[in-house]
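Asker: Below is the structure I would like to discuss, written out as structure tokens.
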């Protein structure tokens with residue numbers, strides 16, 4: 001009898017060629033599948049109904065991505081196996097879920113971006129960030145795929161400071177492709193004074209007028225967490241390990 005299991009995991013994006021499987025490339029998804037099959041958690045990818053919460057771009061890291069799959073083993077049987085596996089992917093949480101659980105249907109996602117403070121005016125950055133909260137048509141601030149609805153709601157953007165960086169935390173249920181990195185590019189331009197707040201307002205209010213604000217680098221972006229209506233069972237001291245993991249990612253940005 002099959003049961004469905006969700007696991008929470010972290011990875012450093014610099015070690016992979018993106019998330020999704022690609023022929024001849026080392027990706028996070030392929031590494032996960034290889035690990036699960038090698039450990040006999042399941043034998044066939046399609047039969048396992050393997051699904052992921054967020055398929056991050058090349059260079060983007062994660063501290064709390066989630067995937068789910070069907071297996072004949074209980075969470076108690078497979079968790080010790082997965083957490084002992086030595087690899088570039090740190091698996092630290094597990095939970096039994098319903099048979100129809102699809103990890104993309106999350107309650108909330110949190111992304112974190114480390115933006116260098118150099119030559120940036122904090123008041124301008126804060127003012128620009130405030131323009132993006134709430135419901136907007138993000139046609140000018142994302143790579144919108146055909147038939148994809150460009151309207152999204154950003155619940156909050158929290159701006160903190162950490163030594164040489166502004167730490168930007170984005171909260172929403174869903175994000176569009178490249179949405180955060182394009183918004184960060186705008187925040188940087190406004191912070192340096194090369195772009196006005198009025199131009200940003202115009203791009204939000206009149207999405208039919210195409211504007212391109214470029215895309216910020218991928219390496220400073222981290223998928224911080226994906227939240228659901230249930231909690232995970234975690235390994236001991238997972239918060240300390242994740243903090244060290246995050247610090248190691250940020251250290252390479254300096």
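Just so you know, all these numbers are worked out from the coordinates, no wet-lab data involved. Note that this is a predicted model, so its numbers are computed, not measured. Here the Cβ positions follow ideal geometry from the backbone for every residue, glycine too, while neighbour counts run over all protein chains shown.
Asker: Using only the alpha-carbon atoms, how far is helix 122-132 inclined from the longest principal axis of the chain? Give it as 0 to 90 degrees, nearest 10.
Answerer: 70 degrees
Asker: On C-alpha positions alone, give me the angle between the axis of helix 238-251 and the longest principal axis of the chain, in degrees, nearest 10.
Answerer: Relative to the chain, helix 238-251 is tipped by roughly 50 degrees.
Asker: Given labels modelled 7 Å from the Cα in the Cβ direction, how far is it in nm from residue 162 to residue 88?
Answerer: 2.1 nm
Asker: Could I ask something else about it? When only Cα pairs under 8 Å and 6 or more residues apart are kept, what is the percent relative contact order across the stretch 98-240?
Answerer: Numbers: 225 pairs, mean separation 50.9, N = 143.
Result for the stretch 98-240 is 36 percent.
Asker: According to the square roots a ≥ b ≥ c of the eigenvalues of the Cα gyration tensor, what is the shape class of the stretch 136-205, taking rounded for a/c under 1.5, prolate for a/b larger than b/c otherwise, and oblate for the remainder? Please list the in-between numbers first.
Answerer: Numbers: a/c = 2.14, a/b = 1.36, b/c = 1.58.
Oblate, since a/c reaches 1.5 and b/c is not below a/b.
Asker: Once you order the gyration tensor axes a ≥ b ≥ c over the Cα atoms, which shape class does the stretch 103-254 get: rounded for a/c under 1.5, otherwise prolate or oblate by comparing a/b with b/c?
Answerer: Oblate, since a/c reaches 1.5 and b/c is not below a/b.
Asker: Quote the FRET efficiency, to the nearest 0.05, computed for residue 244 versus residue 35 with a Förster distance R0 of 22 Å and r equal to the Cβ-Cβ distance. Intermediate values should be presented prior to the final figure.
Answerer: Values: r = 21 Å, r/R0 = 0.97.
Approximately 0.55, to the nearest 0.05.
Asker: Using the number of other C-beta atoms within 10 angstrom as an exposure proxy, rank 83, 52, 98 with the fewest first. Write down the numbers at each step before the final one.
Answerer: Values: 83 17, 52 21, 98 11.
Ranked by crowding around the Cβ, least crowded first: 98, 83, 52.
Asker: Right, next: For residue 215 paired with residue 123, estimate the spin-label separation in nm (one decimal), with each label point 7 Å from Cα along the Cα-to-Cβ line.
Answerer: 3.4 nm
Asker: So which residue, out of 63, 131, 242, gets the largest mean-square fluctuation from a GNM of the chain using Cα contacts under 10 Å as springs?
Answerer: 131
Asker: Could you work out how far the C-alpha centroid of the stretch 238-254 sits from that of the stretch 19-92, in angstrom?
Answerer: For the stretch 238-254 versus the stretch 19-92, the Cα centre distance is 21 Å.
Asker: Let me ask something additional. What distance in nm separates the two pseudo spin-label positions at residue 96 and residue 174, each 7 Å out from Cα along the beta-carbon direction?
Answerer: 3.1 nm
Asker: Please work out the Cα convex hull volume for the chain and give it in Å³ per residue.
Answerer: Normalising the Cα hull of the chain by residue number yields 135 Å³.
Asker: Determine the shape class of the stretch 76-161: with a ≥ b ≥ c the square roots of the Cα gyration tensor eigenvalues, call it rounded for a/c under 1.5, and otherwise prolate if a/b is greater than b/c, oblate otherwise.
Answerer: oblate
Asker: In addition: Taking the beta-carbon count within 10 Å as an exposure proxy, list 67, 49 from fewest neighbours to most.
Answerer: Numbers: 67 21, 49 16.
Ascending number of Cβ neighbours within 10 Å: 49, 67.
Asker: Multiply the residue gap between residue 133 and residue 25 by 0.36 nm, knock off their C-alpha separation, and tell me the result in nm, one decimal place.
Answerer: 35.2 nm
Asker: Could you bin all the Cα-Cα distances of the stretch 5-62 into 5 Å bins starting at 0 and give me the percent of pairs in each, rounded to whole numbers?
Answerer: 4, 18, 29, 26, 16, 6, 0
Asker: If you don't mind, another one. With angles folded into 0 to 90 degrees, how steeply does helix 75-84 sit against the dominant principal axis of the chain? Use alpha carbons for both and round to 10.
Answerer: Its long axis makes an angle of about 70 degrees.
Asker: Please give the length that would be gained between residue 229 and residue 1 if that part of the chain were fully extended, namely 0.36 nm times their separation in residues minus their C-alpha to C-alpha distance (nm, one decimal).
Answerer: Full-extension gain reported as 79.6 nm.
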